[in-house]
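All of the numbers you see were taken from the coordinates with simple rules; none came from a lab. Computed from a predicted structure; not experimentally measured. All Cβ positions, even for glycine, are placed from backbone atoms using ideal geometry, and neighbour counts span all protein chains on display.
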């Protein structure tokens, strides 16, 4: 006997809050995943961390 397959379509409510949160999360993930271009690297030079964020060495 053959197993019966069931195909279902998921409908997404694009006006809901969950949809907006997933869209924002997806956009953030794409921005974090991309490599910075040369102009962006020049505009944001490396800086040392503030003293309050670092632990004492001695």
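Here are the numbers for this structure:
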item: Inter-centroid distance (Cα atoms) of region 36-58 relative to region 1-31, Å; result: 38 Å
item: Length gained when the stretch residue 55-residue 38 is fully extended (0.36 nm per residue, less Cα-Cα span); result: 2.9 nm
item: Fewest-first ranking of 5, 54, using other Cβ atoms within 10 Å as the exposure measure; result: 5, 54
item: Volume of the Cα convex hull of the chain, divided per residue and given in Å³; result: 291 Å³
